[in-house]
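Undergrad: My structure is below; once you've seen it, I'll send some questions.
The values are calculated or read from the model by the stated rules, or taken from the named source; none is laboratory data. Small disclaimer: the values here were computed from a predicted structure and weren't measured. Note that each Cβ is placed from the backbone with ideal geometry, even for glycine, and that neighbours are counted across all protein chains shown. Areas reflect the complete protein model, heavy atoms only, side chains present, ligands, DNA and RNA absent. Shrake-Rupley method; radii C 1.70, N 1.55, O 1.52, S 1.80 Å.
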Amino acid sequence: MPYDDVLAAFDPALGLEVHVELNTASKMFCGCPATFGGEPNAGTCPTCLGLPGAMPVVNGKAVESAIRIGLALNCDIAEWCRFARKNYFYPDMPKNFQTSQYDEPIAFDGWMDVDVDGETFRVEIERAHMEEDTGKSLHVGGATGRIHGADYSLVDYNRAGIPLIEIVTRPILGAGEKAPEVAKAYVSQLRELIVALGVSEARMDQGNLRADVNLSLSPKGSGTLGTRTETKNVNSFRSVERAVRYEMQRHAVILSDGGSILQETRHWHEDTGITTSGREKSDAEDYRYFPEPDLVPVAPSREWVDELRGTLPENPTARRARLQEEWGFSDLDMRDTIGAGALGLVEETIAAGATPQAARKWWLGELARRSNEDGVDLVDLAITPADVARVQALVDDKTVNDKLARQVIEGVLAGEGTPDEVVARRGLAVVSDDGALGAAVDKAISENPDVADKIRDGKHAAAGALIGAVMKEMRGQADAARVRELILEKLA
Ligand SMILES: [Zn+2]
């Protein structure tokens, strides 16, 4: 169904649940390292393996990060709250319950303003609560890496117990046609806030930040909420946008045919851009939550909360205004930069020495093109802001020209090393040495006698043809300005 027809008949309602994996040194309830990866099951202990009699202890740094996230999202911070057991069985959750928070989250009733195409949407935050991550299953022998068709499964509990903060929005209404963009902008700007807080690596491609996307449609103007689906673990900004758009169209087709939406989780398929059915999920699903008896309540003093409030980064709206002023960007430049999810990248590239215009040119030009082609977010490209600043420095000192700079970027993205290493390995440096250039210029003159005569007659505009011949001879690596000078000198 065409997107415009969806909007003519329905109002979308969004809801986003984002899990943020904290970058604490140790896990949420034990002293094991909170680093994912390494030898499977090496980073475990009786507590995070859920062995009988093991006793959990709350990680103070994780509570601090949770409070700072809550404050940055304009939430109230609970004076007293408890952890709760969420009971369900899952092979990668060895205790058979997840220690989470239920009716007493650490942070609640907040909001975040999201900029989309120069318009501001206020997203209300229902809650931000603390919980722990699960382990990771590895399904071996199947074609897809999924459990279906696998010969056997292995489980790695290194991730079990890593601190998570789950941030849940209230239903986001009124976004209309911009619902997919609002969802993407929310996750992207939330990530920027998390990075500014320094509480997580916040890499979506590594699973440090994971978004579940809820969507429902209601008849246009009805003011009701329709039945929602929850698309799980959408792992890039662009996928968040695509998943919302896909679900809007899927719901609309079913509802227009008189069908009804099944309340369920959905799996997102990055390659095909569709969602498929997961498991049925009712609101009344009973996890038998009860207060965790092995942990004392968390009761952060108001003094501590105020102290943490003093450690917050600049608020995002003020920050955007300040950066726009400092960089001299027009409203449109700024809007495009934010829309591309490049604000932080541009900022870091400038900090690494590039001018604002150069930083913006690379991230919104060549790199945006590459991220579209490869279907990855800008932040997930294999190039750092420092690399981009270095590429621009190589252009500025005339080691490479713009065209060669694009090849340098291609090399960095292909994992060939730093910009300087790519220049050396691929032999990309511009030649401005008169010896090498002179020979190529002489060759071009002797092969194009008519053009040479025109230049001798004072028609300097004709030099372009000879410069082109020299560039071709030298595979684009000649210093064009110096070539022009040499041609004019030789034909004076
Ligand atoms: Zn442990």
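Undergrad: Sort out for me the helices (runs of 4 or more DSSP H) sitting completely within segment 346-464 that have 2 or more residues that are touching a residue at least 40 places away in the same chain (Cβ under 8 Å) and among the acidic types (Asp, Glu). Reasoning before the result, please.
TA: Details: elements: 356-364, 366-374, 385-396, 402-413, 419-426, 434-447, 449-456.
Once the helices (runs of 4 or more DSSP H) in segment 346-464 are filtered for at least 2 residues that are touching a residue at least 40 places away in the same chain (Cβ under 8 Å) and among the acidic types (Asp, Glu), what remains is 434-447.
Undergrad: Is it the case, given these coordinates, that residue 109 is on the phi > 0 side of the Ramachandran plot and away from the ligand (no atom under 16 Å from the Cβ)?
TA: Details: on the phi > 0 side of the Ramachandran plot: yes; away from the ligand (no atom under 16 Å from the Cβ): yes.
Here the answer is yes, as residue 109 does meet what is asked.
Undergrad: Check whether at least one residue in segment 341-357 is of a type in the set (A, V, I, L, M, F, W, C), crowded, with 18+ Cβ neighbours inside 10 Å and over 20 Å from the mean Cα position of the chain (by Cα), and report yes or no.
TA: yes
Undergrad: Please count how many residues of segment 255-295 are in a loop (DSSP other than H, G, I, E, B), farther than 22 Å from residue 240 by Cβ and without any contact (Cβ under 8 Å) to a residue 24 or more places away in the chain.
TA: Counting residues in segment 255-295 that are in a loop (DSSP other than H, G, I, E, B), farther than 22 Å from residue 240 by Cβ and without any contact (Cβ under 8 Å) to a residue 24 or more places away in the chain gives 9.
Undergrad: If I filter segment 42-65 down to residues being open to solvent by 60 Å² or more (accessible area, probe 1.4 Å) and in a loop (DSSP other than H, G, I, E, B), which single residue comes out as nearest to the ligand (Cβ to nearest atom)?
TA: Taking the candidates together, the pick is 46.
Undergrad: Of the residues that make up segment 468-482, is at least one touching a strand residue (DSSP E or B) at 6+ places or on another chain (Cβ under 8 Å), part of a helix (DSSP H, G or I) and within 27 Å of residue 362 (Cα to Cα)? Write out each step before concluding.
TA: The initial filter retains those residues of segment 468-482 that are touching a strand residue (DSSP E or B) at 6+ places or on another chain (Cβ under 8 Å), namely 470-471, 474, 477-479.
Next, from what is left, pick out any that are part of a helix (DSSP H, G or I): 470-471.
Restricting the remaining residues to those that are within 27 Å of residue 362 (Cα to Cα) gives 471.
Scanning segment 468-482, I find at least one residue that is touching a strand residue (DSSP E or B) at 6+ places or on another chain (Cβ under 8 Å), part of a helix (DSSP H, G or I) and within 27 Å of residue 362 (Cα to Cα), so the answer is yes.
Undergrad: Of everything in segment 11-33 that's among the polar types (S, T, N, Q) and outside any strand (DSSP E or B), which residue is farthest from the ligand (Cβ to nearest atom)?
TA: Step by step, filter segment 11-33, then rank; the result is 23.
Undergrad: Identify, by number, the condition in (1) part of a helix (DSSP H, G or I); (2) away from the ligand (no atom under 16 Å from the Cβ); (3) more than 19 Å from residue 235 (Cβ to Cβ) that residue 158 doesn't meet.
TA: Only one criterion is unmet by residue 158, namely (2).
Undergrad: Only one residue in 172, 162 is closer than 30 Å to residue 226 by Cβ and open to solvent by less than 30 Å² (accessible area, probe 1.4 Å). Which one?
TA: Only one candidate qualifies: 172.
Undergrad: Looking at 183, 150, can you tell me which residue is under 25 Å from residue 274 (Cβ atoms), open to solvent by less than 60 Å² (accessible area, probe 1.4 Å), in a helix (DSSP H, G or I) and not polar (S, T, N, Q)?
TA: After ruling out the rest, the residue left standing is 183.
Undergrad: Taking segment 6-58 as the region of interest, how many residues are over 27 Å from the mean Cα position of the chain (by Cα) and of a type in the set (Ser, Thr, Tyr)?
TA: Total satisfying the criteria: 2.
Undergrad: Additional query: So which residues in segment 298-316 are over 27 Å from the mean Cα position of the chain (by Cα) and either surrounded by 14 or more Cβ atoms within 10 Å (Cβ to Cβ) or part of a helix (DSSP H, G or I) (or both)?
TA: Those that are over 27 Å from the mean Cα position of the chain (by Cα) and either surrounded by 14 or more Cβ atoms within 10 Å (Cβ to Cβ) or part of a helix (DSSP H, G or I) (or both): 298, 300, 302, 303, 304, 305, 306, 307.
Undergrad: I would also like to ask the following. Being touching a Ser or Thr at 6+ places or on another chain (Cβ under 8 Å) and closer than 29 Å to residue 335 by Cβ is true for just one of 479, 396, 377, 402. Which residue is that?
TA: The conditions single out 377.
Undergrad: Looking only at segment 108-125, which residues are in contact with an Asp or Glu (Cβ under 7 Å, 6 or more places away or on another chain) and either aliphatic (A, V, I, L, M) or closer than 19 Å to residue 67 by Cα (or both)?
TA: Result: 108, 109, 111, 116.
Undergrad: Related question: Go through segment 230-261 and give me each residue that's in contact with a Leu (Cβ under 9 Å, 6 or more places away or on another chain) and crowded, with 22+ Cβ neighbours inside 10 Å.
TA: 231, 237, 240, 243, 244, 247, 248, 251
Undergrad: List, please: which pairs have Cβ atoms under 6 Å, are six or more places apart or on different chains, and start with a residue in segment 1-15 that is within 12 Å of residue 255 (Cα to Cα) and end with one that is in a helix (DSSP H, G or I) and open to solvent by 20 Å² or more (accessible area, probe 1.4 Å)?
TA: 1/249; 1/253; 6/249
Undergrad: For residues that are over 25 Å from residue 486 (Cβ atoms) and open to solvent by less than 50 Å² (accessible area, probe 1.4 Å), tally how many sit in segment 404-457.
TA: Qualifying residue count, segment 404-457: 8.
Undergrad: Quick check on my filter: what residues within segment 77-100 are under 27 Å from the mean Cα position of the chain (by Cα) and under 30 Å from residue 114 (Cα atoms)?
TA: Answer for segment 77-100, where residues must be under 27 Å from the mean Cα position of the chain (by Cα) and under 30 Å from residue 114 (Cα atoms): just 100.
Undergrad: Go through (1) outside any strand (DSSP E or B); (2) surrounded by 14 or more Cβ atoms within 10 Å (Cβ to Cβ) for residue 103 and report which single condition fails.
TA: (2)
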